[in-house]
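One structure is given here, and the rest of the page talks about it.
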Amino acid sequence: MNSQQSIHRVSHEIKRRKLQVLRVTDLTPRMRRVTLHGPELTGFISLGTDDHVKLLFATTPQEQAALDSFMPGQNSEGPKPAMRDYTPRRYDAASGELDIDFVAHGDEGPATRWAQRAEAGSFLGFLGPSEPKITEFYADWYLIAADLSAMPVAEATLEAMPADARGVAVFEVPSKDDIREVAMPANVEVHWLIQEDIHSPSTAQIDFVRALDWPAGTVQTCIAGESSVIRAFRDHLHNELGVPKKDTYISGYWKIGLVEDEHQKMKRAEAA
């Protein structure tokens with residue numbers, strides 16, 4: 001069994017910050033890394049692989065002014081900046097830099113539009129981070145599965161694993177141009193699956209996992225992506241294989257045909 005590695009659960013103060021873009025880097029044609037900085041990052045903590053933060057995007061002067069006072073559940077009157085959840089990809093306290101990776105797939109939402117236009121000196125609002133959900137690594141074998149939207153949490157999880165971790169990583173991307181080097185333990189096999197039409201339901205990841213020789217011992221997962229894919233993974237892991245829910249992080253990040261606000265409303269209804 002792998003040596004146990006813990007990530008201590010921390011309750012972070014939900015602090016509002018206004019951050020500035022330091023630089024923008026295109027990782028692939030569809031993945032853009034935005035590096036943020038600013039004095040308000042002082043004291044920021046991100047200890048978990050699946051911490052998430054809320055980014056606030058202003059599209060009008062009124063929304064821009066609201067960045068200085070907006071908090072979720074408050075400020076019910078007046079214009080509100082759009083808010084989206086993202087995983088911190090890297091935080092360097094020494095340099096005061098924070099990386100956030102954005103999927104570039106057209107002008108389909110405020111986050112994508114902002115990221116495509118972002119340049120040094122651009123601003124956005126920032127809340128978080130949340131408590132991490134993956135708090136320790138203790139498994140004999142790991143399964144990581146993600147589409148482009150979930151690559152940040154998948155990569156952060158792989159980087160945090162013990163060096164002797166064993167398992168499989170399955171990434172589904174729209175084209176070969178989206179395949180890139182990803183840091184991970186030497187005994188984790190990586191497989192890239194091409195799904196050109198991201199707006200059509202795909203079974204490529206779950207079909208691949210169903211064909212695996214399922215290992216004995218304790219299995220931990222980090223799986224995130226489109227809602228129908230996530231539903232299939234939950235059914236296969238929990239109902240067919242009997243993997244305990246406590247050992248699985250499985251999260252729907254988006255749903256075909258729904259904008260972000262509609263998807264979040266659907267998730268809240270399903271959890272009720």
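Distance in nm between label sites at residue 234 and residue 37, each 7 Å beyond Cα in the beta-carbon direction?
In this crude spin-label approximation the distance works out to 4.2 nm.
Over 21 Å between C-alpha atoms is what I'm after, so list which of 54/80; 54/176; 18/255; 80/255 land there.
Beyond 21 Å between Cα atoms: 54/176; 18/255; 80/255.
How much of the calculated P(r) for segment 183-229 lies past 18 Å, in percent of all Cα pairs?
In whole percent, the long-distance tail amounts to 41.
Taking R0 as 45 Å, what FRET efficiency do you get between residue 190 and residue 59 from their Cβ-Cβ distance, rounded to the nearest 0.05?
0.75
If a/c stays under 1.5 just call it rounded; otherwise compare a/b with b/c (prolate if a/b is bigger, oblate if not). Do that for segment 139-271, with a ≥ b ≥ c from the square roots of the Cα gyration tensor eigenvalues.
oblate
How far apart, in nm, are two points set 7 Å out from the Cα along the Cα-to-Cβ line at residue 181 and at residue 113?
The two pseudo-label positions are separated by 3.7 nm.
If R0 is 51 Å, what FRET efficiency do you get for residue 69 and residue 216 from their C-beta distance, rounded to 0.05?
0.40
Would you kindly calculate the mean projected area, averaged across all directions, of the convex hull enclosing the Cα atoms of segment 120-204, in square nanometres?
Quarter of the Cα hull surface area: 8.1 nm².
Laboratory data are not the source of any read-out in this text; all were calculated from the coordinates shown. Worth saying up front: this structure is predicted, and the values here are computed from it rather than measured. So basically every Cβ, Gly included, is an ideal-geometry build from the backbone, and we count neighbours across all protein chains shown.
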